[in-house]
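Reading through the structure tokens given below for one structure.
Since every read-out is calculated from the coordinates, none of them should be taken as a lab result. A quick note: this is a predicted structure, and the numbers were derived from the prediction, not measured. Virtual Cβ from ideal backbone geometry, glycine too; neighbours counted across all protein chains shown.
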Amino acid sequence: MSRLRDWLFTPMPLARVAWLRILVFAFVVIDVLGLHTSGWYHGWADPVWYEPLVMGKVLHLPAASVLLVQVLKWGTVAAALAALTGRAPRLLGWAVAIGWTWYQYVAFAYGKVDHDRADFVVAMALLPTVGLAHLSDRRRSEAAGFALRAVQLAAIATYFLSAWAKVRFGGWDWVNSATMVRAVVRRGTPWAQWLLEVPWTLHWFQWVLFTAELTAPVIFFLSEKWRRRVVGAWFVFHAMTYAAITIAFWPHLVMMLAFLPLEEYAAWLRARFARWRSRGAAPVAEEART
């Protein structure tokens, strides 16, 4: 138990939490206004179509109304923009979490529930618990470590449970039938249509995907170097999926960034930008002297 606690609460840089928060809040604005907007028009839906999910039953949430969805939509965007400043991280962070989660609930209570948003809820609920965190803060914190570790666990659980659900609900026919062929026929792009001429590749890909999802937890046993490579491989996979059948798991991709040293990448970019500016300023200074 002591080793498990040490692993869960491994101190992490506060700057990493600060950068991840920026990415999370920026995504919330993009998501509400551009990506996942179905909650908006459900305000005009007849309440007879409202089917409360577990969250709605426990909290006794009402059916959507035009006023409710407008408050949730614009209130969430306003709170996210304010949270980007880094001020009042707990108050604004949880305000964004409540608004965004409720807005998603409105969308899902009238139809399909998207599983790629579960880990995002975990991130928004736990990142505010860290408190103040600045972009250049090199201090390490157990609170930051636990928040990041929980996001990592939720992100990997999304993969593993997806594989489990495939077998549980679809049976082994999911990987042995024409699942991907059907997906390409229904919504395939020109980049993927040629795969229908060699269907064995799609059948093979089903097994590769299933195996990758089922073994996703292995990432926690890898070295830091290989862990970053695996995250990169998952991003390549999602890019290929989007190119082939235009399906993307945007909030999940943001959460996978919890595995990466964001503060190191930011420092590297700042250093490169500073060198670029210094090289550009040198000829100007020389010309001014002459």
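Some points to look at:
- Here the Kirkwood formula puts the hydrodynamic radius of region 77-150 at 13.4 Å, using every distinct Cα pair.
- Residue order, fewest to most beta carbons within 10 Å, for W19, W191: W191, W19
- Net +/- balance of residues flanking R227 in space, Cβ distance below 15 Å, scoring K and R +1, D and E -1: +3
- Calculated from the alpha-carbon coordinates, region 166-279 shows an Rg and a Dmax of 18.4, 61 Å respectively.
- Segment W191-A88, length gained on full extension (0.36 nm per residue, minus Cα span): 32.5 nm
- Within region 203-226, backbone nitrogen closer than 14 Å to the virtual label 7 Å beyond the Cα of L4 toward Cβ: none
- Look at H252, H60 and count the other Cβ atoms within 10 Å of each Cβ; fewest to most, that gives H60, H252.
- Restraint check, K112/K166; K73/K166; K73/K112, Cα-Cα greater than 27 Å: K73/K166
- Applied to region 219-235, the Karplus parametrisation 6.51 cos²θ - 1.76 cosθ + 1.60 on θ = phi - 60° returns per-residue 3J(HN,Hα) values of 4, 6, 9, 8, 6, 4, 4, 6, 5, 5, 5, 5, 4, x, 5, 5, 5 Hz, with x for Gly and Pro.
- Assuming charge only on the beta carbon of Lys and Arg (+1) and of Asp and Glu (-1), the dipole of the chain about its Cα centre is about 800 debye to the nearest 20.
- Isotropic mean projected area of the C-alpha convex hull, the chain (nm²): 21.4
- Taking the number of Cβ atoms within 10 Å of each Cβ as an exposure proxy, the fewest-first ranking of Y105, Y50, Y265 is Y265, Y50, Y105.
- From the alpha carbon centroid of region 109-163 to that of region 73-98 is 16 Å.
- Principal axis extents of the C-alpha atoms in region 42-98 (largest first, rounded to whole Å): 41, 23, 10.
- Low-density loop cleavage sites - trypsin sites (Lys or Arg not before Pro) in region 1-93, where at most 13 other Cβ are within 10 Å (DSSP): R87
- Shape category assigned to region 1-93 from the gyration tensor of Cα positions, a/c cut at 1.5: oblate
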